[in-house]
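One structure is given below, encoded as structure tokens.
Quick note: the coordinates plus some simple rules give every number you see, no bench work behind them. Bear in mind that the values here come from a model prediction, so they are computed numbers and not experimental data. A quick note on method: Cβ atoms are made from the backbone with ideal geometry, for glycine too, and the neighbour counts reach across all protein chains shown.
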Amino acid sequence: MADTKVLGICGSLRKASINMAALQAAGENAPDGVSLEIADLSGIPIYNDDVYQDGFPAAVETLRAQIREADALLFATPEYNYSIPGTLKNAIDWVSRPPDHPFTGKPVAILGCSPGTSGTMRAQYHLRQVMIFLDMRPLNKPEVFIAGAGNLFEDGKLTDAATAERLGDLMAALDAWSAQLSK
Ligand SMILES: Cc1cc2nc3c(=O)[nH]c(=O)nc-3n(C[C@H](O)[C@H](O)[C@H](O)COP(=O)(O)O)c2cc1C
């Protein structure tokens, strides 16, 4: 069977991001036959419809192509003020513009880490709402809300075995979901 290619999209740009670390750990704990490439959102400008009228910026073109080529997507989102960080919403807004946005029908899973107690629950439900409008196919379960994340990472690496197992289970579920949708 062909490998499942997953594109990871992280809503934090900072070097020591716990969400990026969790995304990388999801790739490392994925079952055989599932690979994870991680997108780079750092070159995406703030959305401006005047700029869009002249064509997609190069970083947006790249992201749109990566999404199109992926079998499935995995979003890692921090929670900012009970919602999705602007960085992530801005990237989604760019990618969603016509023609033929590549989110349509895409199998997608979500994870999120926060040092607090909610584990990004509120941001993830906002993200799901956006995904529904864009006609993605979000995986319902498992929900991966990684709370108290300050204690689970060291030097940009996940150190908690139980969280690593949850991330592996998420990748396996996304793989199965992607296979089911492609039948
Ligand atoms: C502007 C801003 C708003 C935040 N709002 C929330 C919030 O609503 N809920 C929460 O759990 N953490 C909140 N945080 C804390 C983040 O969860 C924390 O900074 C986290 O480490 C960000 O993810 P990252 O490490 O992947 O960058 C906020 C942080 C920032 C910078």
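Once Rh for the chain is found with the Kirkwood sum over Cα pairs, what is the Stokes-Einstein diffusion coefficient at 20 °C and 1.002 mPa s, in µm²/s? Roughly 131 µm²/s, to the nearest whole number. Gaussian network model of the chain, Cα springs within a sub-10 Å range: biggest mean-square fluctuation belongs to which of GLY150, GLY119, GLY11? Looking only at GLY150, GLY119, GLY11, the biggest GNM fluctuation is shown by GLY150. Computed 3J(HN,Hα) for the range 35-46, one whole-Hz value per residue from the Karplus formula 6.51 cos²θ - 1.76 cosθ + 1.60 where θ = phi - 60°, is 10, 10, 10, 10, 6, 10, 8, 5, x, 7, x, 5, glycine and proline marked x.
Count Lys and Arg as plus one, Asp and Glu as minus one, and take only other residues whose Cβ is under 14 Å from that of PHE133; the net charge is then +3.
Mind checking which lysines have their C-alpha under 17 Å from LYS141, skipping anything on the same chain fewer than 8 residues away? Filter leaves LYS106.
Each other residue within a Cβ distance under 10 Å of VAL6 adds +1 if Lys or Arg and -1 if Asp or Glu, for a net charge of -3. For the chain, modelled as a GNM whose springs connect Cα atoms under 10 angstrom apart, the maximal fluctuation among ARG97, ARG68, ARG137 occurs at ARG97.
GLY33 sits among other residues whose Cβ lies under 12 Å from its own Cβ, and their net charge, with Lys and Arg +1 and Asp and Glu -1, is -3.
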